[in-house]
Each structure stands twice: as structure tokens, then as C-alpha cells.
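Since the structure comes first, as C-alpha cells, the remarks are kept for the end.
The values are calculated or read from the model by the stated rules, or taken from the named source; none is laboratory data. These numbers were taken from a predicted model, which means no experiment stands behind them. No Cβ is skipped: glycine too gets one built from the backbone with ideal geometry, and neighbour counts run over all protein chains shown.
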Amino acid sequence: MRLPYLITHLTISPIPRIRRKAYGPHCIPKRTSLSPCPEGSPEENENGRYAMSTRKTQHGFTLIELMITVAVIGILVAIGLPSYNSAIRKGNRSDAQAALMDIASRQQQMLVDTRRYVATVAELHISVPPKVAAQYAVTITLGAGLAPTFVTTATPLGAQAQDSCGTLSLDNNGVKQPTNCW
């Protein structure tokens, strides 16, 4: 035989005034399943009595929260990756420009010393920096004429070929091509 609900829970029911003061004025028991009271605070049951909440605390993330996080990360990557690649290409271009300026300076010194320009970087007794050599093919072209001339070019390789500036060049008069990239 089952005992009535009131008799079985008679000793558990706390005094409402004491419990309310313990949780503050924001915790007003309601007859809904979503109570504003903290976990374990008194809630009014169907008989008008107060009993401790038996709802368990959930730990972890829901699938929706994880999917929103993945979507936000995907959007950030989609925006940030092209900007990052552009900055890398710009830095590689700057390194190539510095190498071309160094080669042009060495060519001018070679003209003063030997009264001629040389056709390779090796003849200048320097080497193209490895970082530049990995991204650009650096060449020297000598002019055919009475006055000695040269044009040093850096042609992009691999991923650097997607750079908007393309091939960089510098001649013996200091003319830089393309002009908008120097």
C-alpha cells in the first residue's frame, strides 16, 4: 500500500521564508519547469509545497554550440587566409627588391673597377639569398651597344607567381619596373 504524498514528504519540506532569504529576492518559486532559482534551490511542486530540485546539471557542449563555433572559425579563416597569403607575397617581393638593389649596386662597382658589367650573379662574387632564390629566378641581361648596360630581373616562381606585380626589374639607370610595385 502506498502512503499519501503529503505523509512521505512531510519531513523534507523546508520553510519557504528561510529558503527565499538564502537565495535572495531573484529566486521566486514558480509553477513552471524553467525556474529562475539556482540548482538545488526550493521549487514549488504540484501540491503547493516546496521541495529541492532534482534536475541534474549538464556538462559539455551541445552539437549546435559546436557547429556555431566551427562556422565562426570557418568564416575567420576564409577572411584571414587570403590576407595572410597576400602579406607573405608582399614580404617576399620586398626581399627580391632588396636583392635586385644589391646586385645593381655591385654591378655599378664592377663597372668602376673593370669598366664592364658582368652577366651572372656569381661573377659579382655574391649569391642570391636562399629565401629570394626559393621564390624568384634572378637573372642579369647585358645590353648590346657601345655603352655598357644591364637589366636585372626577378621572375616569380611557385606561389609567388600569383603576386599582382609579376616580374620585377631594375636597370643600370635605376629604372624600376613595374613602377607601382616599388
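Taken over region 93-145, the criterion of being of a type in the set (Gly, Ala, Ser), surrounded by fewer than 18 Cβ atoms within 10 Å (Cβ to Cβ) and in contact with a Phe, Trp or Tyr (Cβ under 7 Å, 6 or more places away or on another chain) is satisfied by 143 alone.
Look through 115, 93, 106 and report the one residue that is more than 20 Å from residue 181 (Cβ to Cβ), modelled with pLDDT of 95 or more and of a type in the set (D, E, K, R). Spell out how you get there, then give the answer.
On the way: 115 fails: modelled with pLDDT of 95 or more; 93 fails: more than 20 Å from residue 181 (Cβ to Cβ).
Within the list 115, 93, 106, the selection yields 106.
Kindly indicate whether residue 114 is of a type outside the set (A, V, I, L, M) and in contact with a Ser or Thr (Cβ under 6 Å, 6 or more places away or on another chain). No; evaluated as a whole, the condition is false for this residue.
Just checking, does region 79-87 include any residue being farther than 30 Å from residue 170 by Cα and either of a type outside the set (Val, Ile, Thr) or in the same structural domain as residue 155 (by TED's automatic domain parsing) (or both)? Looking for residues that are farther than 30 Å from residue 170 by Cα and either of a type outside the set (Val, Ile, Thr) or in the same structural domain as residue 155 (by TED's automatic domain parsing) (or both), one finds at least one in region 79-87, hence yes. Put simply, of 163, 171 the only residue that is out of contact with any Lys or Arg (no Cβ under 9 Å at 6 or more places or on another chain), surrounded by 16 or more Cβ atoms within 10 Å (Cβ to Cβ) and not basic (Lys, Arg) is 171. When we screen 151, 112, 118, 138 for residues that are in a helix (DSSP H, G or I), of a type in the set (Val, Ile, Thr) and on the phi < 0 side of the Ramachandran plot, the only hit is 112.
For first residues located in region 139-156 and assigned by TED's automatic domain parsing to the domain that holds residue 167 and within 16 Å of residue 110 (Cβ to Cβ), partners that are assigned to a strand (DSSP E or B) and among the charged types (D, E, K, R) and lie 6+ apart or on another chain with Cβ distances below 6 Å form the pairs 151/171.
Does residue 151 fit the bill of being of a type in the set (Val, Ile, Thr) and out of contact with any Ser or Thr (no Cβ under 6 Å at 6 or more places or on another chain)? Even if it seems obvious, please write down each step before you answer.
Details: of a type in the set (Val, Ile, Thr): yes; out of contact with any Ser or Thr (no Cβ under 6 Å at 6 or more places or on another chain): no.
It is false that residue 151 is of a type in the set (Val, Ile, Thr) and out of contact with any Ser or Thr (no Cβ under 6 Å at 6 or more places or on another chain).
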